[in-house]
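Please read the structure below before turning to the comments.
The values are calculated or read from the model by the stated rules, or taken from the named source; none is laboratory data. Only a predicted model underlies this, so the values are computations on that prediction, with no experimental measurement involved. Please note that ligands, DNA and RNA were not included when accessible areas were found on the heavy atoms of the full protein model with its side chains. Shrake-Rupley method; radii C 1.70, N 1.55, O 1.52, S 1.80 Å.
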Amino acid sequence: MNIQIRTASFGRGLGWLTDGLGYFTKNPLGWIAAMIVVFIIMIVIGVIPLGSLLLYIVYPVFVGGFMLGCKAHAAGQQFEFQHAFAGFSADYLKRLLLFGVFYAILNLMMLVVIMLLLFVLLGGLDFFQQMQTVQPGDLGQFATELSLIVLIASLLFLPLIMLSWFAPALLVNTDCSPAQAMLLSFKACLYNIPAFTLYGVVIILLGILATIPLGLGFLILMPVMLASVHLAFLDCFTVADSSGPAELAQTIE
């Protein structure tokens, strides 16, 4: 299978979301029901022992199912509630779970690195002791330091987001391995920085709006975001069958 990486136009950063809304509106009840059930399942998993770690492993399986639902939509069908669990089928489960293991390990490693960096940059235990006795007049200083924490964490997690963004879509649409999917995902994000910059800005604004009605807006925003990943995948990759051994090609158009 030949997989080529392409560059999308800057405006597609917005187009992925507007087109994703079209996916959602074709069967909004199916999307919302699937999101609610998956959210409940995630909460249940999160409260069991080692549930937080298990969430990292299982999460890509659900995303893969949503990608299959989007694939069905693109083929002229529509997303159905059961698509949320399609990633658990034998055709996809093993590779999605293996990617989930990689994803969990990388997240844990990144958290350790961030904690160590913050421990050093913020003055170690003194910073945490000062936070317990902070005075109103010191809030500005602590707000600045906390903003630094958020900035550092965001920058460090950005490569991990790039590694994982397209991975579930690649795993359900191609025969590449989890490691190959992560590498291809990172490169595709790198080649499409302008479009993803616009996409990120719009997502932040929509996220703020989604919180206003008691967070209910996320019942629409999350399906649109999932559909936008599939649409971005279609723009950023060309997948073709190959009669020879599976190969990975890279092109920038």
Original post:
What part of the accessible area of the range 1-110, given as a whole %, is carbon or sulfur when the probe is 1.4 angstrom?
Top reply: 73 percent
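If N is the number of residues in the range 161-226, what value comes out of its Cα radius of gyration divided by 2.2 N^0.38 Å?
1.33
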Original post:
How much accessible area per residue does the range 153-205 have, in Å², with a 1.4 Å probe?
Top reply: 40 Å²
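Considering only protein heavy atoms, what per residue accessible area in square angstrom results for the range 1-101 with a 1.4 angstrom probe? Don't jump to the answer; show the numbers that get you there.
Details: 4890 Å² over 101 residues.
Counting only protein heavy atoms, the per-residue value for the range 1-101 is 48 Å².
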**OP:** Please work out how much accessible surface Lys26 shows to a 1.4 Å probe, ignoring ligands, DNA and RNA, in Å² rounded to 10.
**Re:** 100 Å²
